[in-house]
Amino acid sequence: MTNSAISIVDLEKTYAGGKRALDKVSLEIPRGSIFGLLGPNGAGKSTMINILAGLVRKSGGSANIWGFDIDQHPRNAKASIGIVPQEILFDAFFTPFETLELQAGLYGVPKSKRRTMELLRAVRLDDKAHAYSRTLSGGMKRRLLVAKALVHTPPVLVLDEPTAGVDIELRAQLWEYVRELNAGGTTVVLTTHYLEEAEALCDRIAIVNGGQIVANDLTSTLLATAQDKILIVTTDADLGPLPAGLGERAVAKNARTLSITYDKREAQAGDILHKLTEAGIGIVDVSTREADLEDVFLKLTRQAA
Ligand code: ADP
Ligand code: MG
């Protein structure tokens, strides 16, 4: 328990109106990790983050940040976490420098311990230190929010969908900075609905779906469950019975379209196509795709059922 950066037990949230966003979620986030909360829109990721941030009131369960229960020690819990919210909300009339100074004031960081310029340099906004925030681009605003979340030097940084709607270059910059912070000892939690992002950054991933954790494992372990590829074949004539040897995951999508899911470690598209031609099936078109998050979900929910 004390080795967790964040520990959540049976966390529940039902919004006014009856939407059950979190259904008894329990989760341990180890100190020192880059932890991904991965899930589709509406899964409950922001709800979880906002409860930790003190922005949403939980309906049940408990949460603990860096050893501090959010109910019993709210100030210590709050001091231990920095949160970059999903929505960019800004006071446009302050400069980045002022924004960080104000935030430091709110967190009671004494003047001598403030590192406003250092943080602005870290997020590459030092040349914008005294520009009005409203003149910053979307990417710059997001970087400023990262700096803002770090003014009190929290051991845990949480980024809620940090790269949603962010261009590729900035995404790469953010990833690099997240890795730097983590190398310096900060535990990083990020929510995302991009499998690719979680895969690139996170050493552990929990998959959230419908307010529940459906998987929680090392990224490498989780990815091993996503070794599927899907081969889509369009045929030149209506399909009869499928040839044997394609496996049970060959499914006729319609009269002339065949979808074959295979494990890329065990089979190759060429062999599968060969089996089809051998069986006298004429192939008009072929496409393949990697199993994506949705496929991983399907697989996991099938296993759970
Ligand atoms: P995610 O961040 O994973 O996309 P959210 O935590 O934002 O998911 O939302 C989880 C569910 O709770 C969704 O069905 C969403 O519509 C609902 N929800 C989120 N915020 C509110 C709110 N303030 N009032 C009512 N329902 C909400
Ligand atoms: Mg969200």
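The values are calculated or read from the model by the stated rules, or taken from the named source; none is laboratory data. Everything numeric in this text was worked out from a predicted model, so none of it was measured. Don't worry about glycine lacking a Cβ; one is built from the backbone with ideal geometry, like all the others, and counts go over all protein chains shown. Note: accessible area is taken over every heavy atom of the protein model, side chains too, but ligands, DNA and RNA are not part of it. Shrake-Rupley method; radii C 1.70, N 1.55, O 1.52, S 1.80 Å.
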Open item on the list: Suppose we filter region 230-256 for residues that are at pLDDT 90 or above, surrounded by 12 or more Cβ atoms within 10 Å (Cβ to Cβ) and more than 34 Å from the chain's Cα centre (by Cα); how many remain?
Closed with: 3
Task: Identity of the residue in region 149-166, on the phi < 0 side of the Ramachandran plot and among the small types (Gly, Ala, Ser), that ends up nearest to ligand 2 (Cβ to nearest atom) - done: Ala164
- [ ] For region 154-163, state whether one or more residues are farther than 15 Å from Gln86 by Cβ, at pLDDT 90 or above and open to solvent by 10 Å² or more (accessible area, probe 1.4 Å).
- [x] yes
Open item on the list: Looking at the structure I just gave you, is Gly139 open to solvent by 10 Å² or more (accessible area, probe 1.4 Å), on the phi > 0 side of the Ramachandran plot and modelled with pLDDT under 90?
Closed with: no
Open item on the list: Looking only at region 31-60, how many residues end up being open to solvent by 30 Å² or more (accessible area, probe 1.4 Å) and over 28 Å from Tyr194 (Cβ atoms)?
Closed with: 2
Task: Qualifying positions in region 179-218 - open to solvent by 10 Å² or more (accessible area, probe 1.4 Å) and assigned to a helix (DSSP H, G or I) - done: Arg179, Glu180, Leu181, Asn182, Ala183, Leu195, Glu196, Glu199, Ala200, Leu201
Open item on the list: Of the residues Thr163, Thr187, only one is outside the structural domain of Asp285 (by TED's automatic domain parsing), among the polar types (S, T, N, Q) and within 13 Å of the chain's Cα centre (by Cα); which?
Closed with: Thr163
Open item on the list: When the residues of region 114-124 are narrowed to those that are in contact (Cβ under 8 Å) with a residue 12 or more places away in the chain and either in a helix (DSSP H, G or I) or within 30 Å of Thr47 (Cβ to Cβ) (or both), which ends up most open to solvent (accessible area, probe 1.4 Å)?
Closed with: Met117
- [ ] Evaluate the following for Leu170: is it open to solvent by less than 70 Å² (accessible area, probe 1.4 Å), farther than 24 Å from Ala53 by Cα and touching a Gly at 6+ places or on another chain (Cβ under 7 Å)?
- [x] yes
Open item on the list: I need every pair where a residue in region 263-287 that is not assigned by TED's automatic domain parsing to the domain that holds Thr235 has its Cβ under 8 Å from the Cβ of a residue that is open to solvent by less than 70 Å² (accessible area, probe 1.4 Å), sequence separation at least 6 or different chains.
Closed with: none
Open item on the list: For the condition surrounded by 18 or more Cβ atoms within 10 Å (Cβ to Cβ), farther than 19 Å from Val151 by Cβ, at pLDDT 95 or above and of a type in the set (A, V, I, L, M), what is the one hit in Ile65, Ile81, Ile70?
Closed with: Ile70
Open item on the list: Can you pull out every residue in region 6-23 that is away from ligand 1 (no atom under 15 Å from the Cβ) and either under 13 Å from Lys45 (Cα atoms) or more than 17 Å from the chain's Cα centre (by Cα) (or both)?
Closed with: Ser7, Val9, Asp10
Task: Complete set of residues in region 259-273 that are part of a loop (DSSP other than H, G, I, E, B) and more than 30 Å from the chain's Cα centre (by Cα) - done: Ala267, Gln268
- [ ] Kindly establish whether Ala92 is of a type in the set (Gly, Ala, Ser) and within 20 Å of Thr14 (Cα to Cα).
- [x] no
